[in-house]
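The structure under discussion appears below in the form of structure tokens.
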Amino acid sequence: ERYFLNNLIGIVVEGQLRRAWGSQRDITGSRQAEAAIHASEARFRSVFESGMIGIAFWNGFVMTNANDALLRMLGYTRQDLEDGLLRHGRLTPPGFAEADGRATEETRVHGSCTPYEKEFLRKDGSRVAVLVGGARLGEDMTDAVFFVLDLTERRRAEERLRQAERIEAIGQLAGGMAHEANNQMSVVLGAAGFVLARDDQHRQPVHGRLE
């Protein structure tokens, strides 16, 4: 299927068309390019609004736009976003300056950064563990996009696994101690039973202690 742009110019004298010129230009390529752009925008919009992952745009100082998933993750409203409250200094707790600096430099040089783990401060002051990755959209760092994956459930799963491993280790230790104690007591009980079985022990003062 091909698309053409047609132009027609005519000279009309006393209500009659006397002369006409026409041109036709193949615009199939531009139509296909527009369709590809629209499809790409639709795919991005689908991901942006899906809620699977937090996505935000950044101008180097403040978030300029973010999807609902990220706002929910951080506990902010869209009005907070529009008021410019979502800034780096407000969102990042102390201790992550070095990791953020490496990611920023990597993005500046290579266009994107390797995803890394850090924490964000929620609006209520609590912390959320996240995986962050980003890319610049222009030649400089004043226009960038980054994604944020909430690691809370993964951290909880890891803690449950560590707890299970600790319980298993304690169980193995307790089982080993019980086995060792059982070996020791088997010797004591066997010896005591042997002595008690002797007929002359009933007349000895130690009989009660042996029992």
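Each residue of the range 152-160 is assigned a 3J(HN,Hα), and the resulting list reads 4, 5, 5, 5, 5, 5, 5, 5, 4 Hz, derived from the Karplus form 6.51 cos²θ - 1.76 cosθ + 1.60 (θ = phi - 60°), x at Gly and Pro.
Once the Cα-Cα distance is subtracted from the 0.36 nm per residue extended length, the Arg87 to Arg198 segment shows a gain of 31.2 nm. With a 1.4 Å probe rolled over the protein heavy atoms of all chains, the accessible area of His207, His179, His110 falls in the order His110, His179, His207, largest first.
The H on the amide N of Val148, modeled in the peptide plane, is under 5 Å from the matching H of Gly54, Ile55, each at least 5 residues off or on a different chain. Normalised per residue, the accessible area of the range 107-176 is 64 Å², obtained with a 1.4 Å probe and no contribution from ligands, DNA or RNA.
To the nearest 0.05, how large is the calculated FRET efficiency for Asn7 and Arg156 if R₀ is 45 Å and r is the Cβ-Cβ distance? Here the calculated transfer efficiency is 0.10. Compared with the alpha-carbon gap, the fully stretched path from Arg78 to Ala181 is longer by 30.6 nm at 0.36 nm per residue. Full extension of the chain between Ile170 and Arg209 gives 10.6 nm of extra length, using 0.36 nm per residue less the Cα-Cα distance.
The values are calculated or read from the model by the stated rules, or taken from the named source; none is laboratory data. Quick caveat: nothing in here was measured; it's all calculated off a predicted structure. In this analysis, Cβ positions are derived from the backbone assuming ideal geometry, glycine residues included, and neighbour counts consider all displayed protein chains. To get the accessible areas, we keep the full protein, side chains included, count just its heavy atoms, and leave off ligands, DNA and RNA. Shrake-Rupley method; radii C 1.70, N 1.55, O 1.52, S 1.80 Å.
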